[in-house]
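Novice: One structure follows; several queries about it will come next.
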Amino acid sequence: MKRASSILRKKTRRNCYFGIALVATLAVSACSQSTDAAESTGDASTAYAYAGTEADTNAARSAGELAAAKAGGSTDLPAAKKVGLILLSGQSASSVRIETAVKQIAQLLNWEVTTCDPDFDTQKLQQCATSILSQGPDLIISASQNPTQVASALQTARDRGIPWFGTLSGGTQVAGFYDYGIDGTKLAEITNDWMLSRLKVPNPSRSQQILAFTAPTVGVANLNQQEQLVSDVNASGSAELAVVHDINLSNAAQDVLSTTTQTLQQRRDLGAVWTVCDFCLPLISQAVRQAQAGDRSTMIVGTFSTPASIDGIRSGAIDAVGEYAWETQAWAAVDQALEYMARGTAIAPDFSVFDTYGAGLMKPYILDKESVGATGSGPILGADYEAFFRAKWKTEFGVA
């Protein structure tokens, strides 16, 4: 069952250099931001769609109705609320998926959304937090932002009784910050299992040596993914982490390209390249393709998909990406805010919120050649989060 999810692309106030090509046109490289963080706007295009079965959707609806009864049944919908949304960057596909989900939810509830995009810049992040608070939001949702970087704004939100939810990657635990981001461990586990099980298959052109691109300073989830990789490789008994490279985030594209090229020059039979960096996958693929002259033997795997990496999987240039239905985090955040506003129900503090729904929400999965299909939108797999929350809210709040 395909259900389109519109992805908003920020196209204003930005001058970008698009310089990486792979199979189809790839738009990932260095961008300059000439103004302060501003409200995100852009045209819509369909990039992802739920791809479960009709049975999955029906099961989600039934679970949603049960969850509504458990919550207390019918009550009035909190009206005319404002959501403040702070992105990681409009260039991040996962971040934009959160933005799209929040705007879709707000339209459903007839709420307002104000979006601010700091574009990876810590100073602009603080400006975004201040700006969002000045507009009187009833709740705040941020994408992959560590709460310690906005400690003052978070304290102001707490003082005003404004719940603040974290999505995508988890951050440091801070009072008043409801962190629904992942800790990275389970995502790394399924990605590593996919890679290591295939590395064990004898291949005269490929060793079991791995080049890993990491970013431990970005957040807790990325550090956990790195640690899980080390653990899984050690437990395999045969694979080897030949190179572990912390990405130079100030010059990520060139760093990834040059490191991949140099490693392949030194280890021509390199078994796999692994990364936590979503936009790095097509860059890695380009470097591997150039080094191996079209006869690729090195596997390429990572976490967090993008439309470009899905295209790469379909074309055979990338092997697999570990992924979640990230939109689920936005729906859960708004649901928890709704229950708090409508009934005074305590807000679930962390990722364990998904277990309370009893619907199998937020389970990681693998996107590979088999699961992505030949064409169409990027598939969102797992439980039908939208059907679940729509059924829940229809029963509770009369939202059609």
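The values are calculated or read from the model by the stated rules, or taken from the named source; none is laboratory data. Keep in mind that this is a model prediction, so the values were computed, not measured. Every residue, glycine among them, receives a Cβ derived from its backbone with ideal geometry; neighbour counts consider all protein chains shown.
Novice: Return the only residue of 287, 330, 317, 308 being touching a strand residue (DSSP E or B) at 6+ places or on another chain (Cβ under 9 Å), assigned by TED's automatic domain parsing to the domain that holds residue 203, under 22 Å from residue 99 (Cβ atoms) and of a type in the set (Gly, Ala, Ser).
Specialist: Working: 287 fails: under 22 Å from residue 99 (Cβ atoms); 330 fails: assigned by TED's automatic domain parsing to the domain that holds residue 203; 317 fails: under 22 Å from residue 99 (Cβ atoms).
The unique qualifying residue is 308.
Novice: Go through region 133-240 and tell me which strands (runs of 3 or more DSSP E), entirely inside it, have 3 or more residues that are touching a Ser or Thr at 6+ places or on another chain (Cβ under 8 Å). Please lay out each step first, then the result.
Specialist: Details: elements: 139-143, 164-167, 177-179, 209-214.
Those strands (runs of 3 or more DSSP E) span 139-143, 164-167, 209-214.
Novice: Next question, about the same structure. Take the residues in region 369-400 that are β-branched (Val, Ile, Thr) and closer than 17 Å to residue 339 by Cα; name whichever of them is surrounded by the fewest Cβ atoms within 10 Å (Cβ to Cβ).
Specialist: First pass over region 369-400, keeping only residues β-branched (Val, Ile, Thr): 372, 375, 380, 395, 399.
When the remaining residues are screened for being closer than 17 Å to residue 339 by Cα, the result is 395, 399.
Numbers: 395: 19, 399: 17.
Filtering first and then ranking leaves 399.
Novice: Which of the residues spanning region 362-377 are in a loop (DSSP other than H, G, I, E, B), within 20 Å of residue 326 (Cβ to Cβ) and of a type outside the set (A, V, I, L, M)?
Specialist: If we filter region 362-377 for residues that are in a loop (DSSP other than H, G, I, E, B), which is where we start, we get 362-364, 373-377.
Those still in the list that are within 20 Å of residue 326 (Cβ to Cβ) too: 362-364, 373, 376-377.
363, 364, 373, 376, 377 - these are the residues of region 362-377 that are in a loop (DSSP other than H, G, I, E, B), within 20 Å of residue 326 (Cβ to Cβ) and of a type outside the set (A, V, I, L, M).
Novice: Note down all Cβ pairs under 8 Å where the first residue falls in region 97-126 and is without any contact (Cβ under 8 Å) to a residue 60 or more places away in the chain, the second is of a type in the set (Asp, Glu), and they're at least six residues apart or on different chains.
Specialist: 106/112
Novice: So, one more: Taking region 184-198 on its own, how many of its residues are in contact with a strand residue (DSSP E or B) (Cβ under 6 Å, 6 or more places away or on another chain) and of a type in the set (A, V, I, L, M)? Lay out the reasoning, then the answer.
Specialist: Kept after step one, since they are in contact with a strand residue (DSSP E or B) (Cβ under 6 Å, 6 or more places away or on another chain), are these residues of region 184-198: 187, 190-191, 194-195.
After this cut, where a residue has to be of a type in the set (A, V, I, L, M) as well, the list is 187, 190, 195.
Final tally of qualifying residues: 3.
Novice: May I pose another question? Can you confirm whether residue 29 is crowded, with 16+ Cβ neighbours inside 10 Å, at pLDDT below 50 and not aliphatic (A, V, I, L, M)? Break it down into steps so the answer makes sense when it comes.
Specialist: Values: crowded, with 16+ Cβ neighbours inside 10 Å: yes; at pLDDT below 50: yes; not aliphatic (A, V, I, L, M): yes.
Against the criterion (crowded, with 16+ Cβ neighbours inside 10 Å, at pLDDT below 50 and not aliphatic (A, V, I, L, M)), residue 29 qualifies.
Novice: Residues of region 348-368 being surrounded by fewer than 17 Cβ atoms within 10 Å (Cβ to Cβ), closer than 22 Å to residue 142 by Cβ and not polar (S, T, N, Q), which ones?
Specialist: Passing the criteria: 349, 350.
Novice: How many of the residues in region 241-261 are surrounded by fewer than 24 Cβ atoms within 10 Å (Cβ to Cβ) and either under 20 Å from residue 207 (Cα atoms) or outside the structural domain of residue 217 (by TED's automatic domain parsing) (or both)? Can you show your working first?
Specialist: Here is the first cut: in region 241-261, the residues surrounded by fewer than 24 Cβ atoms within 10 Å (Cβ to Cβ) are 241-255, 257-259, 261.
Next cut, either under 20 Å from residue 207 (Cα atoms) or outside the structural domain of residue 217 (by TED's automatic domain parsing) (or both) only: 241-245, 259, 261.
Here the count works out to 7.
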